[in-house]
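To start, the structure itself, in structure tokens.
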Amino acid sequence: MRDNNTQDSDDELETDGGVAGGHGQAHRDTDYLNQEVNLLKPSTPFMRDHLRVVWTGFVIWVVAVFGPVTLTYLATDAMTTQMPVLGFPWHYFLVAFGAPTSALLLSVWYSRKRDALDEKYGIDHTTPEGTEHGGATAADGGVDE
Amino acid sequence: MTGTGTETGIPGITALPLQESLLPESLDISFKVVPAVLVLGMLALFLAIGFVFRVADTEDMWVAGRSIGNVENGMAIGANWMSAASYLGMAASIALAGFYGLVFVVGWTTGYFILLIFLAAQLRRFGKYTAPDFVGDRFNSDSARAIAAVTTFLIGFVYAIGQAKGMALVGLYVFGDFGFLLPGLDGYQVMVIFMMAITVGYLTLSGMLGATKNQAVQYTILIVAFLVGLFVVGYTNGYSTVLPQLEYGMLIDDLGSEFSEPFVTSSYYLWIATTFSLIVGTCGLPHVLVRFYTVESERTARWSTVWGLFFICLLYWSAPAFAAFGTDLYTTNVRPTYGDPGMASAASEVIVVLAAQLSNLPEWFVGIVAAGGIAAAIATVAGLFIAGSSAISHDIYTNIINEDATQRQQILVGRLSIVALGVLTTLAALDPASSIAALVGYAFALAGSVLFPMFFIGMWWENANRQGALAGMTTGLVLWSIPMINEIVPTYVSSLEAPLSAGLAQWMPAIGSALITLPIVFAVTIIVSLVTDDPPAETKRIVRQCHSPEPMGQQQTAEDVVADGGESQTPADD
């Protein structure tokens, strides 16, 4: 949110100077400690982007986990026919192999997306104890209250 | 539903003829030199690692100095996770309960994605010591902390009963029947006492650091034993060549419709309820949640979840194949698995070991498969007991009873509570009410009913407050007990027959009760929070800090950052 840039954020701009683009700017301008956390009402640009990824993944996950068994319940005959080559009944394969594998692939997908988000917003995890970058958080945290 | 089993413990599976003894028939029970040396050598190795990495201070004991990396933490997640229920109980359920048995495959893997997207990184940022720590600090309430600590203790206890049963059953194959040793106890019960004594001994020597180091070793042992066992059993019997995880499909048609036909032994509703319960339980288990406090950064928290899930999948892709091979071998060599009398549940619980034995593989090889089962059980008991004992020592003793406790006192209380948990578990495991997988399932229902809602709401809605949490957790505990009293307690009382109410057991089964309890607990927590005052601003800021994308120091917690008031972010040099 841009409406927070009244705070004294001069020093952050210098320390993080290398990050290009509006998202990095939006990130530096956001005072995360003063933005409400509500799963259904994301309040920062970062959380909006993040939750879009989270909910997309969640919907696919629900379909992958509960879809095959529900289909098996609704269309038992079709789902219990044999697969070509592997010989599994379809429902068995989709549940025993499909569901765990989907969760694993989704997890890789999510973690990559999340890393990409960090990059987009100019967040660097390689120096978790860095003083300069950390200084930005601290400066934000110190504002009011 | 065809009935509610008391012996299998899985609703819907009619109880097989009751066995007086838990000695699994057709398993070759005798003392075997090479397998015994293997298992004892493995236990000695765990103790040695525990001793080398033994701890003297609490930071190391509970969160391993927050120094664990991606793959190592992933392996620890895997070892912590894959218990006797995964190694033994899951194949048993798939063999006996058919399609319904797959709920364990799905429920115990897919939950990690939910944990990853909603909780893992936030937990790392919160960065305390234990699961009750979160509840107590987030909701500013020692009562909430105490309820969470008691729940953690209870989960460790219920969960570990299944592990003790698994270790003892496998121990019988390796060490034989020592029923003559203690009057009044049979071979299974003596083995429970023996195996639990070893586990507790190793745990009291080392804390979380030793346990984490051990868990990487334990993971390696259990996954190698399981996979090599599967490949060799599949190959020597001509079932499979290089990918038994996919090749067992060709076998399914020959195993009888009981193996794969859907909704025969259980309803669609029960399937969904159990899976749901196992998934939310996964995301609420204290010994799983605490793994995210131990990593170096939140990015590590995320990627180690991915690694952990991969390591877990290696076993979960394989267990149905093992069940299929075991079922076929049993039918060929012993008697038909399905029908009357069918495979006894005690035999099904060791089907992984039994499959290796029935394949006429050399004794030392079956010993390796057996050792993997013991490693799986010990690793999980370690995680559970650490979580349970830290709940007592850190959350109840240090935070509530004696705030000036010295490190020495805390560790002493921690060790004493490990011993207490060990004794309680051993006693309950002497005559377990259900199958390994079902026993573990009850613990999941509890975690999903009480802890998961607190973590989820507490982390994602800053206005959740103390009153809401207290009301929610109490509701969760009460609701969880109802089906337990309905179905499990009567099995310990000879004059009662389980379940007390068949209708309740059908719609709120003990193993899947979280499907009913979770929405109620969510609603209670949210409504009570709405009608009472907002939590303090400080608390809200801690929640916000958990979601901020700004990197944090390795030794920092969200509370530190907020409390610092932004003056400095220098991590404590401890």
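Among the residues of this structure, B:T212 counts as one that is at pLDDT below 90, within 22 Å of B:G78 (Cα to Cα), open to solvent by less than 30 Å² (accessible area, probe 1.4 Å) and in contact with a strand residue (DSSP E or B) (Cβ under 8 Å, 6 or more places away or on another chain). Scanning the range B:154-190 for residues that are touching a residue at least 60 places away in the same chain (Cβ under 8 Å), touching a helix residue (DSSP H, G or I) at 6+ places or on another chain (Cβ under 9 Å) and either hydroxyl-bearing (S, T, Y) or over 19 Å from B:V33 (Cα atoms) (or both) yields a total of 17. The residue that is farthest from the other protein chains (Cβ to nearest Cβ), among those in the range B:227-246 that are under 22 Å from A:W90 (Cα atoms), under 29 Å from the mean Cα position of the chain (by Cα) and open to solvent by 20 Å² or more (accessible area, probe 1.4 Å), is B:L243.
Looking only at the range A:102-118, how many residues end up being facing chain B (nearest Cβ under 7 Å) and either closer than 18 Å to B:G308 by Cα or among the aromatic types (F, W, Y) (or both)? Please lay out each step first, then the result.
Keep residues of the range A:102-118 that are facing chain B (nearest Cβ under 7 Å), which gives A:103-104, A:106-108, A:110-111, A:114, A:118.
Within this subset, residues satisfying the condition of being either closer than 18 Å to B:G308 by Cα or among the aromatic types (F, W, Y) (or both) are A:103-104, A:106-108, A:110-111, A:114.
Counting residues in the range A:102-118 that are facing chain B (nearest Cβ under 7 Å) and either closer than 18 Å to B:G308 by Cα or among the aromatic types (F, W, Y) (or both) gives 8.
Being surrounded by 24 or more Cβ atoms within 10 Å (Cβ to Cβ) and in contact with a strand residue (DSSP E or B) (Cβ under 7 Å, 6 or more places away or on another chain) is not true of B:A273.
Restricting attention to the range B:522-537, does a residue exist that is within 14 Å of another protein chain (Cβ to nearest Cβ), of a type in the set (F, W, Y), in a helix (DSSP H, G or I) and touching a helix residue (DSSP H, G or I) at 6+ places or on another chain (Cβ under 9 Å)?
Quick first cut of the range B:522-537, residues within 14 Å of another protein chain (Cβ to nearest Cβ) only: B:522, B:525-526, B:529-530, B:534-537.
So of that shortlist, the ones also of a type in the set (F, W, Y) come out as B:522.
Add one more test, that the residue is in a helix (DSSP H, G or I), and what stays is B:522.
With touching a helix residue (DSSP H, G or I) at 6+ places or on another chain (Cβ under 9 Å) added as a condition, the list becomes B:522.
Within the range B:522-537, one or more residues are within 14 Å of another protein chain (Cβ to nearest Cβ), of a type in the set (F, W, Y), in a helix (DSSP H, G or I) and touching a helix residue (DSSP H, G or I) at 6+ places or on another chain (Cβ under 9 Å).
Residues in the range B:461-478 that are farther than 19 Å from B:P132 by Cβ and either polar (S, T, N, Q) or open to solvent by less than 30 Å² (accessible area, probe 1.4 Å) (or both): 2 in all. Across the range A:32-77, the qualifying residues are those that are in contact (Cβ under 8 Å) with a residue 40 or more places away in the chain and facing chain B (nearest Cβ under 7 Å), and the one among them that is farthest from A:A103 (Cα to Cα) is A:L33.
Is it the case that some residue within the range B:305-322 is in contact (Cβ under 8 Å) with a residue 24 or more places away in the chain and touching a strand residue (DSSP E or B) at 6+ places or on another chain (Cβ under 9 Å)? Outline the logic, then answer.
Filtering the range B:305-322 down to residues in contact (Cβ under 8 Å) with a residue 24 or more places away in the chain leaves B:305-322.
Those left that are additionally touching a strand residue (DSSP E or B) at 6+ places or on another chain (Cβ under 9 Å): none.
The answer is no, given that none of the residues of the range B:305-322 is in contact (Cβ under 8 Å) with a residue 24 or more places away in the chain and touching a strand residue (DSSP E or B) at 6+ places or on another chain (Cβ under 9 Å).
On the basis of being free of Cβ contacts under 8 Å to residues at least 60 places away in the same chain and either in a helix (DSSP H, G or I) or within 27 Å of B:M167 (Cα to Cα) (or both), does B:F259 make the cut? Answer is no for this residue. Taken over the range A:61-104, the criterion of being of a type outside the set (A, V, I, L, M), at pLDDT below 90, open to solvent by 60 Å² or more (accessible area, probe 1.4 Å) and in a helix (DSSP H, G or I) is satisfied by A:D77 alone.
When the residues of the range B:328-354 are narrowed to those that are farther than 27 Å from B:I223 by Cβ and of a type in the set (D, E, K, R), which ends up most open to solvent (accessible area, probe 1.4 Å)? Residue satisfying both the conditions and the ranking: B:D340. The number of residues in the range B:296-326 that are within 9 Å of chain A (Cβ to nearest Cβ) and among the polar types (S, T, N, Q) comes to 3.
The values are calculated or read from the model by the stated rules, or taken from the named source; none is laboratory data. Values in this document were obtained by computation on a predicted structure and should not be read as measured data. Cβ sites come from the backbone with ideal geometry, for glycine too, and all protein chains shown count toward neighbours. The protein model used for the area step is the full one, side chains on, heavy atoms only, and it has no ligands, DNA or RNA in it. Shrake-Rupley method; radii C 1.70, N 1.55, O 1.52, S 1.80 Å.
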